[in-house]
Protein chains: 2
Amino acid sequence: MSSSKNLTSSEKLMIAAIDLIAERGYNGVTTQEIATAAGLSEKTLFRHFGSKRNLLESAFDRFHYTEGLTKLFAEKIVWDLREDLLLISRTYHEMMNRNRKMILISIKDDAHLPGFRERTQKHPRQLMVLFTDYFKEMGKKGKMIQANPEAQATAFMVMNFGAFLNDLDGTSNFSGVSLEAFIEESVEVFARGLTP
Amino acid sequence: MSSSKNLTSSEKLMIAAIDLIAERGYNGVTTQEIATAAGLSEKTLFRHFGSKRNLLESAFDRFHYTEGLTKLFAEKIVWDLREDLLLISRTYHEMMNRNRKMILISIKDDAHLPGFRERTQKHPRQLMVLFTDYFKEMGKKGKMIQANPEAQATAFMVMNFGAFLNDLDGTSNFSGVSLEAFIEESVEVFARGLTP
DNA sequence: TATAAATGTCAGTCAGTACTGACAATCACT
DNA sequence: AGTGATTGTCAGTACTGACTGACATTTATA
């Protein structure tokens, strides 16, 4: 009784589409199934969206969060490595989890859905740039080992990307470690490993 | 002229299937396309394998490498953190790259191909266990910070998992950093971050 | 060259699926 | 109650894709 209140038919359809396609892939789900999951008829689906593809694209536009990272990021940095890494890590996971299903779709159906991958990667990329600059700046301030800031930033980012994917299904794939425990421990390792 | 020599028809079909399905997903590729890519007729495909699904399963059995990690791993450890992390990282990437396409398939078509995911994750999981034990042992020897060995091992593994996925398509997603540069820098960070 | 095994051709079956049109039922609002 | 918009039903179209059978052709090998 909680899921279908206050939603328009279009929204119900878009949400059902995202849920199912994220799980089974674009070609693994029929318009019939989507409509049924939304509690509506297939006809209604086509009346609203005209085509399956347009349904997904509309859903993507509507539910892919794209808030700017730049300000939030820049404003909260305190130039303490440990604290800043924690912030960045948490910001990253929050952002990724919001777009969890879109990201799954873009990974699974990359080949069929031109443009999707690009859009889900825009923000992680942006974060990567900000983050690399941050490392360079920390190096200049003498608060960080100066080695290869791009590689260091990449290591931190792919680590969090891996952690995110690992948790995606809910079925933690490698270990029983919680996201929070992972974040704390990994930040600790990087903070120690990068402090002069 | 290099690709189709010395291969049986079955092998050509299995390889074509793996290539195409890894790229476009199980439902995104037709048996016709697979046969054509193998330079054979669709009829031959069905004569050899009976069904599309069986083709993929046969391909998986034939080309999913499953060599034991245990011995190689245990024999080469020298109980020097930096050196051992390098070994583990390189072993991991070698293993993952060998099974690259199977892993992609298992990620993309998880929902349609029961059992595949499990099989591609068996070895990473095994490595994770060995690796966690290694950390515990290093802790006892006083060669490593004793904190949360599971979380530390997880951090290192998901980092490499993320790096692997990031490179999977060949289109390096986040940065221009090479795998080798990443490995060296990340090992350096972890070695410093985990040494007392 | 003869013979068997592997492959190709081609026409076709059958089920699934995106998508449509005509009409009926329901809902919202006054 | 009445009216317009939204949704449902249902039959149907057009196409695709896995899979088959009959027969011809090629290839390998003795």
Query raised in the report: Is it true that some residue in segment B:161-174 is at pLDDT below 95, closer than 19 Å to A:Leu85 by Cα and facing chain A (nearest Cβ under 7 Å)?
Result: yes
Query - Residue tally, condition in contact (Cβ under 8 Å) with a residue 60 or more places away in the chain and not in a loop (DSSP other than H, G, I, E, B), over segment A:131-160 - result: 3
Query raised in the report: Do we find a residue being within 12 Å of DNA strand C (Cβ to nearest atom) and free of Cβ contacts under 8 Å to residues at least 12 places away in the same chain anywhere in segment A:8-17?
Result: yes
Query raised in the report: Which one is nearest to the chain's Cα centre (by Cα) among residues in segment B:41-74 that are surrounded by 13 or more Cβ atoms within 10 Å (Cβ to Cβ) and among the charged types (D, E, K, R)?
Result: B:Glu57
Requested in this report: Filter segment B:123-157 down to residues that are buried (at least 19 other Cβ atoms within 10 Å of the Cβ) and under 21 Å from B:Tyr65 (Cα atoms) and give me whichever is farthest from the other protein chains (Cβ to nearest Cβ).
Outcome: B:His123
Query - Residue check, A:Glu83 surrounded by fewer than 17 Cβ atoms within 10 Å (Cβ to Cβ) and at pLDDT below 95 - result: no
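For segment B:32-51, which residues satisfy the criterion of being free of Cβ contacts under 8 Å to residues at least 24 places away in the same chain and more than 13 Å from B:Leu20 (Cα to Cα)?
If we filter segment B:32-51 for residues that are free of Cβ contacts under 8 Å to residues at least 24 places away in the same chain, which is where we start, we get B:32-37, B:41-43, B:46-47, B:50-51.
Scanning segment B:32-51 gives B:Ser41, B:Glu42, B:Lys43, B:Phe46, B:Arg47, B:Gly50, B:Ser51.
Could you check segment A:24-103 for helices (runs of 4 or more DSSP H) lying wholly inside it with 1 or more residues that are away from DNA strand C (no atom under 16 Å from the Cβ) and of a type in the set (Lys, Arg)? Explain how you work it out, then say what you get.
Working: elements: A:31-38, A:42-49, A:52-63, A:70-76, A:81-98.
Result: A:52-63, A:70-76, A:81-98.
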Report task. State yes or no: is A:Phe190 farther than 21 Å from B:Leu104 by Cβ and either more than 10 Å from chain B (Cβ to nearest Cβ) or aliphatic (A, V, I, L, M) (or both)? Result -> no
Query raised in the report: Of the residues B:Ile77, B:Ile34, which single one is near DNA strand D (Cβ under 10 Å from one of its atoms), more than 18 Å from the chain's Cα centre (by Cα) and among the aliphatic types (A, V, I, L, M)?
Result: B:Ile34
**Report entry** Residue check for B:Gly28: within 11 Å of DNA strand D (Cβ to nearest atom) and free of Cβ contacts under 8 Å to residues at least 24 places away in the same chain
**Finding:** yes
Report task. Select, from B:Leu85, B:Leu104, B:Leu81, B:Leu69, the only residue that is within 14 Å of chain A (Cβ to nearest Cβ), touching a residue at least 60 places away in the same chain (Cβ under 8 Å) and farther than 19 Å from B:Ala163 by Cα. Result -> B:Leu81
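Evaluate the following for A:Leu113: is it more than 10 Å from chain B (Cβ to nearest Cβ), under 30 Å from A:Asp19 (Cβ atoms), touching a residue at least 24 places away in the same chain (Cβ under 8 Å) and buried (at least 16 other Cβ atoms within 10 Å of the Cβ)? Show your work before the answer.
Working: more than 10 Å from chain B (Cβ to nearest Cβ): yes; under 30 Å from A:Asp19 (Cβ atoms): yes; touching a residue at least 24 places away in the same chain (Cβ under 8 Å): yes; buried (at least 16 other Cβ atoms within 10 Å of the Cβ): yes.
Yes: the conditions hold for A:Leu113.
The values are calculated or read from the model by the stated rules, or taken from the named source; none is laboratory data. Quick caveat: nothing in here was measured; it's all calculated off a predicted structure. Methodologically, a virtual Cβ is constructed for each residue, glycine included, from the backbone with ideal geometry; neighbour enumeration extends over all protein chains shown.
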